[in-house]
Amino acid sequence: FIYLFISIVLYFCFNSDRNEVNRAISDIKSFMAPNLAFSDDSQANNLEPCTVVRVIDGDTLVAKVQGKEEKIRLIGVNCPEDTTKKEAYGKEATEYTKKLLPPRKTIYLEKDVSERDKYGRLLMYVWLADKPDANKLSEQMLNARLVRDGYAQLYTLPPDIKYQSDFL
């Protein structure tokens, strides 16, 4: 990371051509998140708009992200299972998430540290509002709302702990 930072500083010191600077920024973004390069519009608030395709279970969904369908696993929470094995309240958790995320709904993704889990799913916080308000986190963020309303338990796996204390 330090090498990358020094490279960026040196690059900006010796290059004044705006097109080359923009290309360098794009290359750095691709390097930092090679499988999910957030659009420039989303950089201001670190949210990537996408469209819900379907809900798999309480803490997993499929969304269209930059034109590609991606499985998304919610960070920081764990709902009872309702797919491969049936756990108590799994169906209720899935139905609750389906109610909040109908197909074609626009949601906003926020990445923490990790990009994907061992199953290849994107690890994200899912915001229901495009301009999140920290004071309304338990209403506007699906992850926090699932815990607040009793459909999920706190499930923290470092290094993805940005909102850990907010879920308590």
Please verify whether region 136-157 includes one or more residues that are in contact with a helix residue (DSSP H, G or I) (Cβ under 7 Å, 6 or more places away or on another chain), open to solvent by 60 Å² or more (accessible area, probe 1.4 Å) and without any contact (Cβ under 8 Å) to a residue 24 or more places away in the chain. yes
Single unsatisfied condition, Ala93 versus (1) loosely packed, with under 13 Cβ neighbours inside 10 Å; (2) at pLDDT 50 or above: (1)
So, in region 60-79, how many residues would count as being in contact (Cβ under 8 Å) with a residue 60 or more places away in the chain and farther than 16 Å from Asp112 by Cα? 4
So, in region 49-74, of the ones that are open to solvent by 10 Å² or more (accessible area, probe 1.4 Å) and not in a strand (DSSP E or B), which residue ends up farthest from Ser165 (Cα to Cα)? Gly67
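Select the helices (runs of 4 or more DSSP H) contained entirely in region 77-168, then report the ones holding at least 1 residues which are over 15 Å from Val55 (Cβ atoms) and of a type in the set (Lys, Arg). Outline the logic, then answer.
Details: elements: 90-100, 137-140, 142-148.
The qualifying helices (runs of 4 or more DSSP H) are 142-148.
The values are calculated or read from the model by the stated rules, or taken from the named source; none is laboratory data. Since we're looking at a predicted model, the values are computed, not measured. So basically every Cβ, Gly included, is an ideal-geometry build from the backbone, and we count neighbours across all protein chains shown. For the accessible areas, the whole protein counts, side chains as well, though only heavy atoms, and no ligand, DNA or RNA atoms are used. Shrake-Rupley method; radii C 1.70, N 1.55, O 1.52, S 1.80 Å.
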